[in-house]
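Everything on this sheet refers to the single structure shown next.
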There are 4 protein chains.
Amino acid sequence: MYTYDMEELYQITVERLEARGISLRSIAEIVFELQRDYGEITMDQCVEQVQAVLKKRETIHAVLTALAIDRATQEGHIEEPVASMIREDQGLYGIDEILSLSIVNIYGSIGLTNFGFLDKEKVGIIKELDERKGREVTTFIDDIVGAVAAAAASRLAHSNDGANPQSIQ
Amino acid sequence: MYTYDMEELYQITVERLEARGISLRSIAEIVFELQRDYGEITMDQCVEQVQAVLKKRETIHAVLTALAIDRATQEGHIEEPVASMIREDQGLYGIDEILSLSIVNIYGSIGLTNFGFLDKEKVGIIKELDERKGREVTTFIDDIVGAVAAAAASRLAHSNDGANPQSIQ
Amino acid sequence: MYTYDMEELYQITVERLEARGISLRSIAEIVFELQRDYGEITMDQCVEQVQAVLKKRETIHAVLTALAIDRATQEGHIEEPVASMIREDQGLYGIDEILSLSIVNIYGSIGLTNFGFLDKEKVGIIKELDERKGREVTTFIDDIVGAVAAAAASRLAHSNDGANPQSIQ
Amino acid sequence: MYTYDMEELYQITVERLEARGISLRSIAEIVFELQRDYGEITMDQCVEQVQAVLKKRETIHAVLTALAIDRATQEGHIEEPVASMIREDQGLYGIDEILSLSIVNIYGSIGLTNFGFLDKEKVGIIKELDERKGREVTTFIDDIVGAVAAAAASRLAHSNDGANPQSIQ
């Protein structure tokens, strides 16, 4: 039986992402791109939002599961025909996008539309993960990174709104 | 242009629910029913969780929209054939359940399964709202009350887990 | 009590969309834009897919409800503060996007990402509906049109794949 | 590169379910329980609906992925701490329920509420799968079976409605 507190699980999550070459900063850069047109923001704010998203239990579970499935597939421990669908990131497979919803859903509909946008217009670290395909299995984790960035952007939008609480607009 | 801060919007939401005969306590009673088998809980804890769910922007928007659609339908301001589908709470209409997802989704999958359960096994205030049909339009608000209760139960389950942070089980 | 068969409901849906200046062809043009890079397609195929999506019960309910809410809001029959949130298409309102999910969800994850993309990059008739704001309430229907186009694009992608059933790629 | 047509994928899916002791008939029995109160139905109709759900691409992907993750976990090929979360079917893990949504979502909101109900009131083969825990990893597949049953029940409700197309009630 394994016992971890949430802080330990967060540390493990950050370390495993970094071991795959995915820094919090690289995710924060996508958040910056998504939100730069909607007001003054700094990279520090974006990093903070990414950290806040990664501290949620749902996010931790989704990130660790995505990394585990990608790795098990790469090492040949997932049965056919699913292994090929994952390895080739087949367009109609769709299970990777569904897994991402567990993160995106908790931040409301802005998270959702940002996620859809990133899935079509791959930028920054998402593009890099996509280009590793063939050598490495990144099918689940590239969508999850998009989901974390989309959720962080949504969180930033909500918190900026909170800065002017006297208005609902 | 209307300007409200979140605290004001929360107050309006609670008052409008009470004006429809839906007290926070009646929602908390459903939460108690849902969670009583999973550990020591008090009605005060349940009320607190309902309040926390009702303070979220997504919940406020969903509750106020549901009340507004039910009222507009009752007063004859919604066009046919949608008006009849809403008034008769037609089983395949489904838009009322979709609206509830905006609340349920933000609390992860426990919220979802509790919501599905309540939709089939109507209890307490949900049953009462269901029985008012014919005299009053409660099609949207009865699902929304189920969603708030399901979300509050999910929040309670997560927070109890947080009480023993040394374990992930 | 109102009785309609599905064919009648479909006809009503198409007529109401056209009465708002939204032709099936204008939705099909968005489908064409979304899918043109993924293979040989014709406008006729796109129109067919839009029709197929509009014949589904979930779509009919969502379209008719969206049109009814927009109209009730425009005519002053929705209470404040929701009326202002809808009229101004407030960025954090989010209920319009949730309603669209009832269409998008039934076509799997490609539908979802296309919908997210269209919500950010408004094109064609969606852009036109967005520009009518101020004079007309189009808050719900512009998202619903995006959802129908996204679903039709997803359907087209699935059906083209079906054309080469010997391959899962 | 693996190539299968949809018919082959369906056959593989049915065989793999049976190899785990899950017959189509055992899933159909749950459908029968869910729908028996809503009108005359036969077991044959329920089996037909289960088959129709299992022929959808989204269902095939979800079933095969669930079986593959359960097996990889059982054989020790999934990393910690995710392996323990899956093996112990930890209440707050939630990724298994999310995967089920890829099936449930495509059948509208009745599917969703039936799924939530089955997740709380485990019946028939779902209960049996739940009881195998400890000896076998069935964490993902027991939710997926619930999702298939919920979707088939939803399909049945929609098709019965289609039998009286002159009424929307």
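Annotation for the B:D interface, with buried accessible surface near 2200 Å², both sides summed [1.4 Å probe; non-protein components not counted]. Candidate cross-link partners of residue A:56 among the aspartates and glutamates, defined by an alpha-carbon separation under 14 Å and a same-chain spacing of 8 or more, comprise A:5, A:7, A:8, A:48, B:161. Considering the protein assembly as shown at the alpha-carbon level, its Rg and Dmax are found to be 23.5, 65 Å.
Taking all protein chains in place and a 1.4 Å probe, what share, in percent, of the accessible surface of the protein assembly as shown do carbon and sulfur account for?
Numbers: 11380 of 25220 Å².
For the protein assembly as shown, the apolar C and S fraction of the accessible surface comes to 45 percent.
In nanometres and ascending order, the distances from the residue C:5 label point to those of the other copies are 3.4, 5.9, 6.7 (point 7 Å from Cα along Cα→Cβ). Of all beta-carbon atoms in chain D, the one sitting closest to the axis that brings chain D onto chain A gives D:77, 2, with the distance in whole angstrom. Mind checking the angle between helix B:57-74 and chain B's longest principal axis? C-alpha axes, 0 to 90 degrees, to the nearest 10. Long axis of B:57-74 versus the principal axis of chain B: about 30 degrees.
Entry note: chain C has Rg to Rh equal to 0.99, where both radii use alpha-carbon atoms and Rh is the Kirkwood radius.
Among residues other than residue B:74 whose Cβ falls under 15 Å from its Cβ, what is the net charge (Lys/Arg +1, Asp/Glu -1)? Could you put the intermediate results ahead of the total?
Values: positive: B:16, B:20, B:71, B:87, B:132, B:133, B:135; negative: B:70, B:75, B:79, B:80, B:88, B:89, B:96, B:136, B:142, C:79.
Taking every other residue near residue B:74 into account, the sum is -3.
As a length-normalised measure over Cα pairs under 8 Å and 6 or more apart, the relative contact order of the range B:1-123 settles at 21 percent.
Accessible area of residue A:32 (1.4 Å probe, protein heavy atoms only, ligands and nucleic acids ignored): about 50 Å². Each copy carries a label point for residue A:131 at 7 Å from Cα toward Cβ; from one copy, the others' points are 3.7, 5.6, 6.6 nm away, ordered from shortest. On a 0 to 90° scale, report how tilted helix C:139-163 is relative to the longest principal axis of chain C, with both axes built from alpha carbons and the result rounded to the nearest 10. Long axis of C:139-163 versus the principal axis of chain C: about 10 degrees.
Hey, what D do you get for the range B:54-148 in µm²/s if you plug the Kirkwood alpha-carbon radius into Stokes-Einstein at 25 °C and 0.890 mPa s? Calculated translational D: 183 µm²/s. Put D:159, D:26 in order of accessible area, highest first, and with a 1.4 Å probe you get D:159, D:26.
Rank these residues by their accessible area, most exposed first, probe 1.4 Å: C:42, C:59. Please report the intermediate quantities before stating the final value.
Numbers: C:42 70, C:59 0 Å².
I get C:42, C:59, largest accessible area first.
Mind checking the angle between helix C:43-54 and chain C's longest principal axis? C-alpha axes, 0 to 90 degrees, to the nearest 10. Orientation of helix C:43-54: about 50 degrees from the principal axis. A compact globular protein would have a Cα radius of gyration near 2.2 N^0.38 Å; the ratio found for the range D:1-100 is 1.26. Annotation note: GluC sites (Glu not before Pro) in the range D:11-58 located in DSSP loop regions with a Cβ neighbour count of at most 16 within 10 Å are D:40. Distance between the C-alpha centres of the range B:39-94 and the range B:102-140: 8 Å, rounded to the whole angstrom. Each copy carries residue D:18; placing its label point 7 Å along the C-beta direction from Cα gives inter-copy distances of 5.1, 5.2, 6.3 nm, listed from smallest up.
For peptide A:56-62, compute the average count of partner chain beta-carbon atoms within 10 Å of each residue's beta-carbon. Walk me through the intermediate numbers first.
Details: counts 1, 8, 10, 0, 3, 11, 3.
So the per-residue partner count for this stretch is 5.
The values are calculated or read from the model by the stated rules, or taken from the named source; none is laboratory data. Keep in mind that this is a model prediction, so the values were computed, not measured. Positions of Cβ are backbone-derived with ideal geometry, glycine not excepted, and every protein chain shown enters the neighbour counts. SASA here: full protein model, heavy atoms, side chains in, ligands and nucleic acids out. Shrake-Rupley method; radii C 1.70, N 1.55, O 1.52, S 1.80 Å.
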